[in-house]
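The values are calculated or read from the model by the stated rules, or taken from the named source; none is laboratory data. Since we're looking at a predicted model, the values are computed, not measured. Cβ placement follows ideal geometry from the backbone for every residue including glycine, while neighbour counts extend to all protein chains displayed.
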Amino acid sequence: MPGNRKVSLVIPCYNEQEGLGEMLKNDLSFIDEILVVDNNSTDSTAEVALKNGCKLITERRQGYGAAYKAGFKYATGDIIVTMDGDNSYPLDEIPGLLQALTEGGLDFISACRLGRGRPESMSLTNYAGNRILTLIARVLFSWKIKDSQSGMWVFRREVLEKAKPKSNGMAFSEEIKIEAVRKGFRFAEVDIPYHERVGRTKLNKWKDGALNMVFLLYKRFC
C-alpha cells in the first residue's frame, strides 16, 4: 500500500480455476482487496476465489471488457492493478510497478511483455499478432508503445473518471490505454517477464486479432 493508498487487484476470469488457484498461492499482503470477476465460468473459478478470500463479482455479459467494467465498478482502491487469471503475469512485479507509479508521478503504467523481444512462453503466432497490432496502434495514434495488448496495468482511480472505454471484448485492453493517453494522463510502459499460462487458452487468435484491428481503425477514424 504505497503512501497509505488503497490498492485493488481486479482479475477477469472465464474458466480459470487452475490459473487462479496458482496465482492466489502467492503472498499478496500488499494488496488491500482482490476482486475476481467470474464471466460465466462453468468450472470452479468462483469457488477458488471465495475460498481464498477474494471479493467475487459475477458478470453475465460475456467478454473481456465487460468483465473489467464490472470489476472496476466495485473496486474501491485508490490504485487499481489488473492482470489475467491464467497466472501468466508476474505478481511479484506489482510492488515495483506501484513504486514506479507513485515515485515517477505517473497515472497509468502498462506492463510490457515485449520489451526484450519474444518471451519464451509466448508462441510465435501470438508474438507476431501482438507486434502487428502494436505497430498499427503506433501508426494510427502516433504512439510510442511497445505492447498495446498487455493485460497487466497499474493506474490511479482518476483514470476511470475520465477515460471511458466502450469495448466489451478483447479490444478493451488497447482501448483503455488509448483513452488514458488521449485524456492527458501520464502514461508509461515498464518491462516485465511473462510466464506460460496455466490452463486452456480462450483466445481465438485470428478472430480476436481481426476484431482488434478493426476496432483500432474504428477508434481512429469514427
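Considering only region 111-121, I want to know if a residue exists there that is without any contact (Cβ under 8 Å) to a residue 60 or more places away in the chain, in a strand (DSSP E or B) and not β-branched (Val, Ile, Thr).
Yes, there is a match, as at least one residue in region 111-121 is without any contact (Cβ under 8 Å) to a residue 60 or more places away in the chain, in a strand (DSSP E or B) and not β-branched (Val, Ile, Thr).
If you take the residues in region 7-50 that are among the polar types (S, T, N, Q) and part of a helix (DSSP H, G or I), which one is farthest from residue 157 (Cα to Cα)?
Among residues in region 7-50 that are among the polar types (S, T, N, Q) and part of a helix (DSSP H, G or I), the one farthest from residue 157 (Cα to Cα) is 17.
Would you check if there is a residue in region 48-57 being more than 22 Å from residue 194 (Cβ to Cβ), in contact (Cβ under 8 Å) with a residue 24 or more places away in the chain and aliphatic (A, V, I, L, M)?
Yes, that holds for at least one residue.
For the subset of region 168-222 comprising residues that are among the small types (Gly, Ala, Ser), part of a helix (DSSP H, G or I) and surrounded by 18 or more Cβ atoms within 10 Å (Cβ to Cβ), which member is modelled with the lowest pLDDT?
So, considering only residues that are among the small types (Gly, Ala, Ser), part of a helix (DSSP H, G or I) and surrounded by 18 or more Cβ atoms within 10 Å (Cβ to Cβ), the one modelled with the lowest pLDDT is 209.
Among the residues of region 85-110, which ones are among the acidic types (Asp, Glu) and either without any contact (Cβ under 8 Å) to a residue 24 or more places away in the chain or touching a strand residue (DSSP E or B) at 6+ places or on another chain (Cβ under 6 Å) (or both)?
Filtering region 85-110 down to residues among the acidic types (Asp, Glu) leaves 86, 92-93, 103, 107.
Within region 85-110, 103, 107 qualify.
Out of everything in region 148-166 that is part of a loop (DSSP other than H, G, I, E, B) and touching a Leu at 6+ places or on another chain (Cβ under 9 Å), what residue ends up being farthest from residue 87 (Cα to Cα)?
Here is the first cut: in region 148-166, the ones part of a loop (DSSP other than H, G, I, E, B) are 148-152, 157, 163-166.
Of the ones still in play, those that are also touching a Leu at 6+ places or on another chain (Cβ under 9 Å) are 148-150, 152.
Details: 148: 19, 149: 16, 150: 14, 152: 11 Å.
The selected residue is 148.
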